[in-house]
Amino acid sequence: MERYEIETFLTLADELHFARTAERLHVSPGRVSQTVKALERRVGGPLFERSSRRVVLTPVGRRLREDLLPAYRQIQRAFADATAAYSGIRGALRAGFTTPWSGELLIKAGDAFTARHPDCTVELLEATYNAAIAALRNEQVDLVVAEPPVEEADVVVGPVVFSEPRALVVSASHPLARRATVSVEVLAELPLVTAAGVSKAFSEWFFPARTPGGLPIEHGPAAGGWQGVLALVGAGKGATVAAVAAGRYHVRPDVAYVPFNDAEPVDYALMWRTGDRPPGLSAFIRTVVELAAPAGRPSCGCGGTDASGARQCQGCGGGR
């Protein structure tokens, strides 16, 4: 197989959409279709099932993707390492994070990255969501792992590296604290403690005005940092929403974390500035995504969106 054939097949297997595949590869949808048909003639049968509504991999197509992907990633890594040897990746990369579990991922990625590029170090910064985005835009950090969405047009939202189930955070003395799980509809039962200073998009996603069933949600007091939010919740001023993982890292006797049984998870994505990136950042992004891949996420490249809503983000230099 030629390299363009491999890239076409793997990209279509990821997107399951001919037009988006063509957009990512900067070719026409017809070229994508021709390449796939040629591959299918070579293997002797269909790799994708197509209809007017969807494109899905056949069992043979899934097996081919599983067999090709590790080798393709290894080729990409080898190419990136060879390029880095001549580009002189050195100095320091600065990475921010908003949660301890995101920090753990960046520490592992930093260790792996410096093992490959010993002349470059990775410096970490923990910050609240709004402070992390501000640090990114002000060039205090080169990369952050944070929760989408963002509104800033100069921030690229890259691949989601992992997701966490969502939980209701409530006073330990509240009756809801004794439940095993709760529905999102309980947000209508008590005031919602919110985070101060976050963007409108972030606030609407994490602190909605109504439940999915249409019930109004009262917004209570706000705090500028997570410990402030927890203090308000523990004092019985209302409830808030967080990842279930927060209950493992932010244990308090006055607060309980109760998983939702019907809420979407909290995503954590890589984000960086638009425009030129510092030397080594693309390679570091690939390293982070590779280490996050066991959680079931794509393990190379970007394929994310920029804050303006474009389908193709300004990625890390490799395919997803």
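Results, tabulated for the structure shown:
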item	result
Residue ranges of helices (runs of 4 or more DSSP H) in the stretch 1-113 with at least 2 members small (G, A, S) and touching a residue at least 40 places away in the same chain (Cβ under 8 Å)	59-87
Among the candidates R166, R77, residue that is of a type in the set (D, E, K, R) and at pLDDT 95 or above	R166
Only listed residue being farther than 18 Å from N261 by Cα and within 29 Å of the chain's Cα centre (by Cα), chosen from S173, S199	S199
The lone exception for D142 - which of (1) surrounded by 19 or more Cβ atoms within 10 Å (Cβ to Cβ); (2) modelled with pLDDT under 85; (3) out of contact with any Cys (no Cβ under 8 Å at 6 or more places or on another chain) it fails	(2)
Enumeration of residues in the stretch 262-320 that are open to solvent by less than 20 Å² (accessible area, probe 1.4 Å), at pLDDT 50 or above and among the hydroxyl-bearing types (S, T, Y)	Y268, T287
Residue under evaluation V170, criteria (1) over 30 Å from I107 (Cβ atoms); (2) in contact with a Pro (Cβ under 9 Å, 6 or more places away or on another chain); (3) crowded, with 21+ Cβ neighbours inside 10 Å, criterion not met	(2)
Among the candidates P148, P165, P221, residue that is open to solvent by 20 Å² or more (accessible area, probe 1.4 Å) and under 18 Å from L270 (Cβ atoms)	P148
Output for the stretch 173-199, where each listed residue is touching a residue at least 40 places away in the same chain (Cβ under 8 Å), of a type in the set (A, V, I, L, M) and either assigned to a loop (DSSP other than H, G, I, E, B) or open to solvent by 40 Å² or more (accessible area, probe 1.4 Å) (or both)	A180, L190, V198
W226 being crowded, with 16+ Cβ neighbours inside 10 Å, hydrophobic (A, V, I, L, M, F, W, C), more than 18 Å from R252 (Cβ to Cβ) and modelled with pLDDT under 95	no
Matching residues in the stretch 119-133 - criterion: being open to solvent by 40 Å² or more (accessible area, probe 1.4 Å) and without any contact (Cβ under 8 Å) to a residue 60 or more places away in the chain	D119, T121, E123, L124, L125, E126, A131
Residues of the stretch 84-101 that turn out to be out of contact with any helix residue (DSSP H, G or I) (no Cβ under 6 Å at 6 or more places or on another chain), at pLDDT 85 or above and among the polar types (S, T, N, Q), as a count	1
Selected residue [crowded, with 20+ Cβ neighbours inside 10 Å, closer than 24 Å to A222 by Cβ, at pLDDT 90 or above and not acidic (D, E)] from L106, L136	L136
From the options V156, V169, residue that is assigned to a strand (DSSP E or B), closer than 22 Å to G225 by Cα, touching a residue at least 40 places away in the same chain (Cβ under 8 Å) and not polar (S, T, N, Q)	V169
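A quick yes/no check of all residues on (1) open to solvent by 20 Å² or more (accessible area, probe 1.4 Å); (2) more than 29 Å from L291 (Cβ to Cβ); (3) of a type outside the set (D, E):
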site	(1), (2), (3)
Y4	yes, no, yes
L16	yes, no, yes
R24	yes, no, yes
G30	yes, yes, yes
E49	yes, yes, no
V60	yes, yes, yes
E66	yes, no, no
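The values are calculated or read from the model by the stated rules, or taken from the named source; none is laboratory data. What you see is a predicted model, and the numbers here were worked out from it, not measured in a lab. Reconstructed Cβ throughout: ideal geometry from the backbone, glycine too, with neighbour counts over all protein chains shown. Heavy atoms of the whole protein, side chains included, go into the accessibility calculation; ligands, DNA and RNA do not. Shrake-Rupley method; radii C 1.70, N 1.55, O 1.52, S 1.80 Å.
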